[in-house]
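The values are calculated or read from the model by the stated rules, or taken from the named source; none is laboratory data. The model shown is predicted, which means the values in this text are computed figures rather than measured ones. Please note: Cβ atoms are built from the backbone with ideal geometry, for glycine as well, and neighbour counts cover all protein chains shown. SASA here: full protein model, heavy atoms, side chains in, ligands and nucleic acids out. Shrake-Rupley method; radii C 1.70, N 1.55, O 1.52, S 1.80 Å.
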Amino acid sequence: MCGRFTLTRNLDAIADTFGTGIAPGLSDHEPRYNIAPTEEAPVVIAAPGGRRAGPMRWGLVPAWAKDVRIGARLINARSETVGTRNAFRESFLARRCLVPADGFYEWEARHAEGPGGKPRVRKQPYWIHRPGAGLFAMAGIWALWSSGPDSRLATFSVLTRDAPDPIRWLHDRVPVILPEDGWTDWLARGTPPEALGDILGSADPPELQLHPVSRAVNRAGYDAPDCIREATPG
């Protein structure tokens with residue numbers, strides 16, 4: 001699962017890394033240290049004239065949904081079943097995207113003794129990133145939802161896969177991180193399902209590093225540079 005991620009780079013870095021134009025809706029983008037479900041984040045899609053990065057809300061809302069609240073339950077899609085799930089299938093076949101990130105969070109359950117000797121579980125967050133904290137592309141799908149002729153909402157979901165052995169002790173799932181040579185075919189509208197499956201199946205996780213961070217990350221809405229600073233678990 002991917003329940004929080006970071007994108008601390010500016011728009012110039014995103015444009016350079018992904019070879020993309022920037023939509024006007026991203027003009028006020030600032031570094032993000034704790035992106036949470038239902039919040040907006042930059043997403044790259046294929047558009048006439050080339051790639052384009054624009055804001056989308058995290059949590060897929062299918063076109064047939066009656067309520068946007070369904071998106072809070074559809075922040076991730078399993079790469080193994082994304083082509084068969086009713087909520088994801090149409091987007092997987094026709095609307096795929098790249099979700100720029102430079103890290104994501106997972107939590108370790110730590111058992112401790114609470115007041116009166118009662119056992120309790122405290123969740124210790126870890127920030128997971130590539131060496132050097134460089135940008136990478138999480139595989140995503142997106143959808144357009146409308147509640148009327150003048151209301152359109154763009155949303156996305158992040159695809160996940162089995163975690164690599166070095167970090168499986170922390171969580172059994174991680175985002176699908178696509179290598180750059182797969183970006184074009186992933187975004188292309190005409191890529192057949194078999195080829196999409198090959199892209200996902202061959203997207204081995206890159207080398208990843210992690211370190212514990214402050215439990216302030218646990219609070220959605222807290223978004224500051226100290227979110228990714230190494231901290232002593234406790």
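Below, the figures for the structure above:
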| read-out | value |
| --- | --- |
| Gaussian network model of the chain, springs between alpha carbon atoms under 10 Å - residue of P166, P24, P149 with greatest fluctuation | P149 |
| Inverse of mean 1/r across different Cα pairs in segment 162-234, Kirkwood, Å | 15.1 |
| Heavy atoms of E90 accessible to a 1.4 Å probe, total area in Å² rounded to 10 | 110 |
| Normalised contact order of segment 1-89, rounded percent, pairs of Cα under 8 Å and 6 or more residues apart | 25 |
| Three-way shape label, the chain, alpha-carbon gyration tensor, a/c 1.5 | prolate |
| Highest-fluctuation residue, V68, V43, V174 considered, GNM on the chain with Cα pairs under 10 Å | V68 |
| Segment 150-234, accessible surface, carbon-and-sulfur percent (1.4 angstrom probe) | 47 |
| Amide H contacts of V43 (H built 1.01 Å from N, under 5 Å, at least 5 apart or other chain) | G54, M56 |
| Residue of W127, W186, W169 that the Gaussian network model of the chain assigns the largest fluctuation, springs spanning Cα pairs under 10 Å | W169 |
| Charge context of Q124, other residues only, Cβ under 12 angstrom, K/R +1, D/E -1 | +2 |
| Accessible area in the full protein assembly, largest first, 1.4 Å probe, for H129, H111 | H111, H129 |
| Neighbourhood net charge (14 Å Cβ-Cβ; Lys/Arg +1, Asp/Glu -1) for R215 | +3 |
| Rounded accessible area per residue of the chain, 1.4 Å, Å² | 49 |
| Inter-site label distance for D204 and L153 at 7 Å from Cα along Cβ, in nm | 4.1 |
| Local electrostatic count, G140, Cβ distance below 11 Å [Lys/Arg +1, Asp/Glu -1] | +2 |
| Relative contact order for the chain, counting Cα pairs under 8 Å that sit 6 or more residues apart, in percent | 22 |
| Interchain or long-range residues, amide H under 5 Å from R130's placed H | Q209 |
| Net dipole in debye of the chain [+1 Lys, Arg Cβ; -1 Asp, Glu Cβ; about Cα centre; nearest 20] | 920 |
| Nearest-10 value in Å² for the accessible area of V121, using the 1.4 Å probe | 80 |
